[in-house]
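Report on one structure; see the data block that follows.
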Amino acid sequence: MSESKAADIDRDIASIVSCEEGLPIEPIERLIAAGEAALPKINKALATSKVHPDRDLLYLAVILGEVRTPASLPALAALLCKPDFGEVLMDAAAEALGKFGAPAIPVLLELLAEPDAKTRFWALGALRRTRTPAAIPHLRTALKGMPDICGVAAAGLADLSDKDSIPGLYAIYEAFPATNIWLPDLRDSIACLAGQLSFPVDSPRDGDWRVRWRRRPAWGWSPEPSALMIAYVIWDSYTSGRWKERKLAKDSLLKITTTPDRDTDEPKNELCAECGDKILSVAALPVCPELAYGSTIHQENLLQECLKDGITTIALALDDLDQELLYGDHEWEDLPDDGRDRWLIAQKTYEFLLLEGCRGAADGITRLREIRSTLGALWGLPQEELVNDDLLAMERSVEAGLGLPEKRTERRAIKIGRNEPCPCGSGKKFKKCCAGRVQ
């Protein structure tokens, strides 16, 4: 490796571990592209973390999970042996190990032999996340041999559709006292294997590190917790005596395996309380036909403002949004509802465009225009019904936070269908006249 390339890697690592705001997408991307060449320096940064306790190791773990070469396995395994570093870092390391699939299993089995229960919890969570049939026998062993963390193994068996494990799962469920913390997980795993319950499917956001690991104000400037992390927090509270015990009624195996869960019903399309049409997700925002055109105009205007301010990439736009809160006059908790809505609309827009493959703000504008040109097809309406000057006024509604479903239901007491005559007396249909101005 040339000296200049080595210096570039050092510089990128330094900027990542010292990052206090936003998500350093570009240096992370460069280190991922460098691949194995960057691993010795990343591993060194991880190994010297005790010497530099102020370093943030989260994104280094994310990089190792993206590079996914055998040389990164020991460093990730070493992180799981340091649960005191915090559950966010443990979650990132477990997720990174899970991405390796079967090649990570030998390392994870070594960790499952560790005496520390927290290390074993995260190792079992990583084993679940490998989502490979090769993990099934080891998950079965953990289910029987590690009752203190058996709920994680149960969920892994459900993920892998191991129906043969139903009798063993129910035997443990039946043997546990009614106050055991894992009873709901065991029951849900059995129901899932019997086809009566569906675990949530990962979204594109869950799989893209540029969105998955962004720190969010609603979570105290931490990434949104995964199901595994939530389970860990509850389990840790339970084992440390901070969890208030409660008795749960147990069901028979017949009831669990034959009773459909109400959450598995086919989702019903939410209808707009004002125009009666379906609410659909358009460029990450829930809108009806009356709002769709104006919402994409508003999203485009957000990007136009970024360009005016010299913010040329989507990644920088997201970082600027974070800085707006970090250095603004109000904390997240102190923002009024419409202020939070405006902020979330911008964040959802930028993250959607990242997932769509847009790097530059100009690329995002192009993509939004493409979406806007086909809006009619989403509702089976002629495109011209959604495109007119009056609907541009809907931009103001979205800007005020009214593009979110919970706000729209309270905007107007009088319900006027969009095909009814406009109450202003113009003779036009309401949708082509004052729809955008009536609050």
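The values are calculated or read from the model by the stated rules, or taken from the named source; none is laboratory data. Keep in mind that what you see is a predicted model, and the values were worked out from it rather than measured. FYI the Cβ positions are ideal-geometry reconstructions off the backbone, even for glycines, and counts take in every protein chain you see. In case anyone asks, the SASA skips ligands and DNA or RNA and just uses the protein heavy atoms, side chains included. Shrake-Rupley method; radii C 1.70, N 1.55, O 1.52, S 1.80 Å.
Quick notes on this structure:
- All positions within the stretch 152-192 that are closer than 18 Å to MET229 by Cβ and either touching a His at 6+ places or on another chain (Cβ under 8 Å) or not acidic (Asp, Glu) (or both): VAL152, ALA153, ALA154, ALA155, GLY156, ILE181, TRP182, PRO184
- Within the stretch 153-172, being of a type in the set (Asp, Glu) and either open to solvent by less than 40 Å² (accessible area, probe 1.4 Å) or within 16 Å of LEU254 (Cα to Cα) (or both) holds for ASP162, ASP164.
- Odd one out for PRO177, checked against (1) open to solvent by 30 Å² or more (accessible area, probe 1.4 Å); (2) in contact (Cβ under 8 Å) with a residue 24 or more places away in the chain; (3) farther than 26 Å from PRO74 by Cα: (2)
- For the stretch 180-191, the set of residues classified as open to solvent by less than 40 Å² (accessible area, probe 1.4 Å) and closer than 17 Å to ALA142 by Cβ consists of ASN180, ILE181, TRP182, LEU186, SER189, ILE190, listed by residue number.
- All told, ALA45 falls short of being open to solvent by 10 Å² or more (accessible area, probe 1.4 Å) and not basic (Lys, Arg).
- Verdict on ASP202 being charged (D, E, K, R), over 30 Å from ASP334 (Cβ atoms) and at pLDDT below 90: yes
- Taken over the stretch 271-293, the criterion of being at positive phi and over 25 Å from the mean Cα position of the chain (by Cα) is satisfied by GLY276 alone.
- Top-ranked residue of the stretch 12-28 - restricted to ones that are closer than 12 Å to ILE42 by Cα and touching a helix residue (DSSP H, G or I) at 6+ places or on another chain (Cβ under 8 Å), ranked as modelled with the lowest pLDDT: VAL17
- Answer from ALA134, ALA102, ALA77 - the residue that is under 30 Å from ARG214 (Cα atoms) and surrounded by fewer than 16 Cβ atoms within 10 Å (Cβ to Cβ): ALA102
- When ALA135, ALA171 are checked against the criterion of being more than 24 Å from the chain's Cα centre (by Cα), at pLDDT 95 or above and over 29 Å from ARG242 (Cα atoms), a single residue qualifies: ALA135.
- The set of residues in the stretch 352-362 that are out of contact with any strand residue (DSSP E or B) (no Cβ under 9 Å at 6 or more places or on another chain) and surrounded by fewer than 19 Cβ atoms within 10 Å (Cβ to Cβ) comprises LEU355, GLU356, GLY357, ALA362.
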